[in-house]
Amino acid sequence: MRQKIENIRNVAIIAHVDHGKTTLVDQMLRQSGIFRSNQVVQERVMDSGDIERERGITILSKNTAVHYGNTKINIIDTPGHADFGGEVERVLKMVDGVVLVVDAFEGPMPQTKFVLRKALELDHPVVVCVNKVDRPEARPQEVVDEVLELFLELEANDKQLDSPFVFASARGGYASEDPEAREGDMKPLFEAILNHIPAPEGDADAPLQALISTIDYSEYVGRIGIGKIENGTIHVNDEVVVLNMHNAETQKKVRITKLYEFDGLQRVEVKEASVGSIVALSGIENIMIGDTICSPLKPEALPFVKISEPTISMTFSVNDSPFAGQEGKYVTSRQIRDRLYKELNTDVSLRVEDTDSMDAMKVSGRGELHLSILIETLRREGYEFQVSKPEVLYHEIDGKKCEPMEAVTIDVPEEFVGNVIEKLGARKGEMTNMAPSKGGYTRLEFSIPARGLIGYRNEFLTDTKGNGILNSIFDGYAPYKGEIPTRSQGSLVAFESGEAITYGLYNAQERGDLFIGAGVKVYEGMIVGRNARADDMDINVCKKKQLTNTRASGSDDALRLTPPIQMSLEQCMEFIGDDELVEVTPVSLRMRKKILD
Ligand code: GDP
């Protein structure tokens, strides 16, 4: 018989970056008595890492569990970006409600809309936490109205429109139903969660069914599957059957060797866990997202969850530029290869393959953003390597060349509609829908070749002055749409200005207007030499036809910049003119001498 598991709540937390999600969960942990006095209180419990923070997104969902009275609240972080759309859905399906954290001054931001929309569509109840009420410029009442407006726009159901609002200062450690309160504790937030978000439901006596939603990895036990028990009970050493998309019929039994639940920030080993619980388990060698762990008595798969297919690949290779070895600790092909293979343990939408060259690996991922975050992560860990321009992965279907397509949803203020339609049209996007949405925004939907989106995200941010939201999701393969002409300005920089570009970061656009080579950075729209000792290098800018002979300068097709090494992107574009491809590489004195020779 199905019953409610009253002592558990599973909630996802949704917040725009910097609105205080980490601080809030930290406070909930402290006040729930998770930390015993001899335990060091970690500063940032859900910190999603530097890169994610800088980019305003969270990449991996993380689990934290807090206790309030007799109830265990599993709090799951939601990724905020569209390239991880599949992951958002998986996380939201594990929970029975969400906590929306909104800054009491800034109000709701467009980037949280995507995740909130998904949560509302699943009919999840919402607890709204208006955070940072202690800020002098806080305007909690207006923010309440803005949140309600957003709910209306996203077609919230009646219950969602009736969501409780809690006014909090995560920093001050208090929450209240009264927007004017400036003291107290977090109790009102805990109470709102308990009262408003339903307990999970399931049948404890039915045969086991648990759906794996996330994969983790540990050196000791290997792959770990994390998911929710939908029915039944699981014990350590149980024999189970794993069903997935590829073998919906298998009867092969495997043994669960270790079982964990979450407690605070830790994974703690348990002997058994029951319906409603979010667990981690090991012992299943190739456990994958979407697998259903079942009882052998009655193996029945839960609905499969889609994993986004890789659509773009890049080659990662040993840095052979004149500056090799200057930046990183790990530079050999073996080190780079090992690190990339390790990444496969936790990133299910990544693919890594060897190539004909010992020194190069083909890395395929979900999109430009996915791969650029990987590159930056590795770089910060001390790896040094070069990457190629991204290429889309074509498929042959019935003897025809087919290419990956993306379904794109864009919300923009009306004034930018023309610009978006024009730009995506030029990139072979076909508009499939256009409708006014609330607050002067217009919603546009496109079907577009994945390669048409390369480089567009940055351009879109600039074009819409940061006010647009762009989400895309893999949409199958379609016959090759032919060459995409033109390059468009503004797509020069793969990483935002201020972000160092080192070791062969490419220009974001597939057609390649500009290749930013090793040792060059872009700062606030200026291309500058990486090395502060400017006198030992300059930058060589070459047009495509010169690429075979790039280091030659002094012709009309190459522009040599001598120190101080800097050039604005506009200058660079002007120089490129109608030409297709430009390479920008630093040239050291050593190189220059070679060229002159
Ligand atoms: P996250 O990106 O959503 O996880 O946000 P953080 O928890 O990292 O908070 C972002 C910034 O806002 C940090 O500098 C926090 O100290 C600050 N912050 C968080 N909560 C509050 C609050 O209640 N009041 C004020 N004034 N600042 C806060």
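The values are calculated or read from the model by the stated rules, or taken from the named source; none is laboratory data. Since the model is a prediction, treat every value here as computed from it, not as a measurement. A quick note on method: Cβ atoms are made from the backbone with ideal geometry, for glycine too, and the neighbour counts reach across all protein chains shown. Ligands, DNA and RNA are stripped out before the accessible areas are found, and what is left, the full protein with its side chains, is counted by its heavy atoms. Shrake-Rupley method; radii C 1.70, N 1.55, O 1.52, S 1.80 Å.
Please give the length that would be gained between D354 and D18 if that part of the chain were fully extended, namely 0.36 nm times their separation in residues minus their C-alpha to C-alpha distance (nm, one decimal). Walk me through the numbers before you get to the answer.
On the way: separation 336, 0.36 × 336 = 120.96 nm, distance 3.95 nm.
Once the chain is fully extended between D354 and D18, it gains 117.0 nm.
Just to verify a number: FRET efficiency for N467 and E445, C-beta to C-beta distance, R0 = 25 Å, to 0.05?
0.85
Let me make sure I get this right: for region 165-317, a, b and c are the square roots of the gyration tensor eigenvalues over alpha carbons, sorted descending. Under 1.5 in a/c it's rounded, otherwise prolate if a/b > b/c, else oblate. Which is it?
Prolate is the answer for region 165-317, as a/c is 1.5 or above and a/b outweighs b/c.
Label points 7 Å out from Cα along the Cβ direction at A435 and E309: separation in nm?
2.8 nm
Given a 1.4 Å probe, how much area per residue of region 171-222 is accessible, in Å²?
For region 171-222, the per-residue accessible area is 49 Å².
For region 153-262, state which GluC sites (Glu not before Pro) are in a DSSP loop and have at most 14 other beta carbons lying within 10 Å of their beta carbon.
The qualifying sites are E155, E177, E180, E183, E219, E249.
Find, among the chymotrypsin sites (Phe, Trp or Tyr not before Pro) in region 167-267, those assigned to loop by DSSP (not H, G, I, E, B) with at most 16 other beta-carbon atoms within 10 angstrom.
Those that pass, being in a loop and sparsely packed, are Y220.
Using +1 at the Cβ of each Lys and Arg and -1 at the Cβ of each Asp and Glu in region 76-234, identify which of L211, V102, L148 lies farthest towards the dipole's positive end.
The residue sitting most towards the positive pole is L211.
Take L461, L393 and sort them by solvent-accessible surface of the protein heavy atoms, 1.4 Å probe, largest at the top.
L461, L393
Can you give the accessible area of K401, probe radius 1.4 Å, in Å² rounded to 10?
100 Å²
Distance check, please: which entries in K93/K228; K329/K362; K228/K271 exceed 19 angstrom between their Cα atoms?
Table pairs above 19 Å Cα-Cα are K329/K362.
Could you run the Karplus curve 6.51 cos²θ - 1.76 cosθ + 1.60 with θ = phi - 60° over region 290-304 and give me ³J(HN,Hα) per residue in whole Hz, x for Gly and Pro?
Computed from phi, the couplings for region 290-304 are x, 5, 9, 8, 10, 6, x, 5, 8, x, 9, 7, 7, x, 5 Hz.
Calculate one ³J(HN,Hα) per residue across region 149-156 by plugging θ = phi - 60° into the Karplus curve 6.51 cos²θ - 1.76 cosθ + 1.60, and present them in order as whole Hz with x for glycine and proline.
With coefficients 6.51, -1.76 and 1.60, one gets 4, 4, 4, 4, 4, 8, 6, 5 Hz.
Considering only protein heavy atoms, what is the solvent-accessible area of T64 at a probe of 1.4 Å, reported in Å² to the nearest 10?
Only protein atoms counted, so the area is about 0 Å².
Could you tell me the relative contact order of region 159-293? Use alpha-carbon pairs under 8 Å, at least six residues apart, and round to a whole percent. Intermediate values should be presented prior to the final figure.
Numbers: 284 pairs, mean separation 31.6, N = 135.
Contact order relative to length: 23 percent.
Multiply the residue separation of R380 and D134 by 0.36 nm, subtract the distance between their alpha-carbon atoms, and state the gained length in nm to one decimal.
Residue separation times 0.36 nm, minus the Cα-Cα distance, leaves 85.0 nm.
Please report how many Lys pairs in region 366-483 have alpha carbons closer than 16 angstrom, counting only residues at least 8 apart along the chain or sitting on separate chains.
Values: K400/K481; K401/K481; K423/K465; K428/K481.
So the count of such lysine pairs works out to 4.
Once the whole set of protein chains is in place, how much accessible area is left on Y441, using a 1.4 Å probe, in Å² to the nearest 10?
We get 40 Å² for Y441.
So what is the relative contact order of region 120-190, in percent, for Cα pairs below 8 Å that sit 6 or more residues apart?
34 percent
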